[in-house]
Amino acid sequence: MKRRNKLTLGIVGLAAVALFASGCTANFCTNIEKSRIAHALEPGVSKFLFEGTYDATDASIVKDDLVEGKLHQVVYITRDADGNFASYKNSALLSDILSSAKQSAVLLPSVDYFVQLDREGFEAARSKYNAEHADAILNLNETDEAALNLYLEDYGYWRFYDKESDNPYGAYSAMNKKLRETYGYTSVASMDFEKLYISALNTTVDKYHSCITVYDKVKYGNYNGTSIKLESVSWKAAWGKGGHLIEGLIVYPVAYMIDGFAIAFAGGKNAEPAAIQAAYQTGGPQILSILVVTVIVRLFIFLCTFRSTLAQRKMTELQPELAKIQQKYPNANTNQAQKQRLAEEQMRLYKKHKVNPLSQLLVLVIQFPIFIGVWGAMTGSAVLSTGMFLNLNLSDSIWAALKVGPKAHPGWWTALVLILLMSAGQFFAMKVPQWIQKAKAKNVARLGKNPAQKQQNRTANMVSYVMLVMIIVMGFTLPAAMGVYWFVGAIVSLIQTVFTTVIFAGGKKKNK
């Protein structure tokens, strides 16, 4: 296999490892939060509305017997003569589940089952609401629309969550068992349908990781157009997530900073929760938070790798002397003896100038876990999944916005500008150091052609371009927040390049 092919495969392998490793960061969502997400994504087939607040012609079935005609259960599901369900308005997820069940030849429940299941969930939510609001028990004989919406939105997840077993879908199973005993097995959900339903819910809910927050007085996320309450996460709890050190060392601290700065830019913790919630909807505090956190992370990496960076600079300055050595061994690529002597002389030169050629590996050793941790923090941060910046949700991928076109996605132009800025930033962050090195090389007398040096230069250039392409491709698929992080990081990298160049030039003048 040619050397170039080996290198390409190696870089592709590195990208695959990065993608795999990034998926190893833990999901911080608790079981009760998973139930809340499930309820937001699949709230049932009914809406509970007071008299006069709905259009009867807009619904398939209207049940008026909840509370003496005051409260109505408006149901949006029918079943035709062929047994096909038409579910709309409330739950696209349920429609997918019903289609999957039919394809798998799983017996579908009756319409009355879904009506009764929603009724059971409604009563469970009301019971939990009244238990926690003894001073403001919901009286369904009074037309209190605000209280009704509050407990349906904030307590509706009790149709899924079982507190005793801490099972996100335990209550749903218990309700099914009760309905089977009451109505028989022919009209309610079979065991097969129940398993399929829970499996589909679990698969969908597990795709959402944005549950890390330190401020729990507002609602987060955008699940089927609904935001949910989340519990604040402690640093102590982060250490026990996933069995990895990276959650406690990197993921949580970065997510903590993202949340903390976002709160500060939204008015501070002492501001009214409603004002903070409104600020989050604009996406402005989140963008500013990412900017600050990116600078902090990049400065941390810079301080940890400063000596290694200067060592790389020193190696660049040694290129004229390295070129002289390489001219002595023009056949080092093919002659093993020349290759060995070349390596020995190069090592003596490095030792003389106190340069470790392997010091650049330290940069990778530090950068890689931080990259994975920042990725996990950006994915897990609840505040980044809340609101939109110029119509683009920061937790959505850039490709998700671009693939549907500008007419279908209002944030299409924002996504396009972001990927262009990120790509341009990464390109200049890669090329500027090379241009600086090339400018310095013009002052060095050419000593003749050297195949080994030319091969090294070609290899270095190819590595740079493959890494650039990899970052751009990943920029399409990762959350938009990572695109902002990479763009700001590229700007910081350019500033660092100029800074280290000035520092090194000053050091050379001092030594002279």
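The values are calculated or read from the model by the stated rules, or taken from the named source; none is laboratory data. This is a predicted model, so every value here is computed, not measured. Here the Cβ is made from the backbone with ideal geometry for all residues, glycine too, and neighbour counts use every protein chain on show.
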Quick check: anything in the stretch 447-461 modelled with pLDDT under 90, exposed (fewer than 14 other Cβ atoms within 10 Å of the Cβ) and at positive phi? yes
Test: E247 is farther than 28 Å from F160 by Cα and of a type in the set (D, E): yes
Inspect all residues belonging to the stretch 59-73 and state whether any of them is touching a Ser or Thr at 6+ places or on another chain (Cβ under 7 Å), modelled with pLDDT of 80 or more and closer than 24 Å to R159 by Cα. yes
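Yes/no per residue for (1) within 18 Å of the chain's Cα centre (by Cα); (2) within 30 Å of L384 (Cα to Cα):
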| site | (1), (2) |
| --- | --- |
| S173 | no, no |
| K178 | no, no |
| D192 | no, no |
| I212 | yes, yes |
| K236 | no, yes |
| E247 | yes, yes |
Output the residue which, of all residues in the stretch 230-251 that are surrounded by fewer than 18 Cβ atoms within 10 Å (Cβ to Cβ) and touching an Asp or Glu at 6+ places or on another chain (Cβ under 9 Å), is nearest to I32 (Cα to Cα). E231
Evaluate the stretch 428-440: report whether one residue or more is at pLDDT below 75, within 26 Å of N331 (Cβ to Cβ) and of a type in the set (G, A, S). no
In the stretch 75-101, what count of residues is obtained for those that are more than 33 Å from the chain's Cα centre (by Cα) and not β-branched (V, I, T)? 9
In the stretch 15-42, the residues that are modelled with pLDDT under 90 and more than 19 Å from S199 (Cβ to Cβ): A15, A16, V17, A18, L19, F20, A21, S22, G23, C24, T25, A26
When only residues in the stretch 342-366 that are surrounded by 15 or more Cβ atoms within 10 Å (Cβ to Cβ) and modelled with pLDDT of 75 or more count, which is nearest to the chain's Cα centre (by Cα)? I366
Would you confirm, using the coordinates I've provided, whether I258 is under 18 Å from F389 (Cα atoms) and surrounded by 15 or more Cβ atoms within 10 Å (Cβ to Cβ)? yes
Say whether the condition of being within 30 Å of I372 (Cβ to Cβ) and either assigned by TED's automatic domain parsing to the domain that holds L392 or basic (K, R) (or both) is met by at least one residue in the stretch 262-272. yes
S397 fails exactly one of the following numbered conditions: (1) at pLDDT 90 or above; (2) farther than 30 Å from S308 by Cβ; (3) hydroxyl-bearing (S, T, Y). What is the number of that condition? (1)
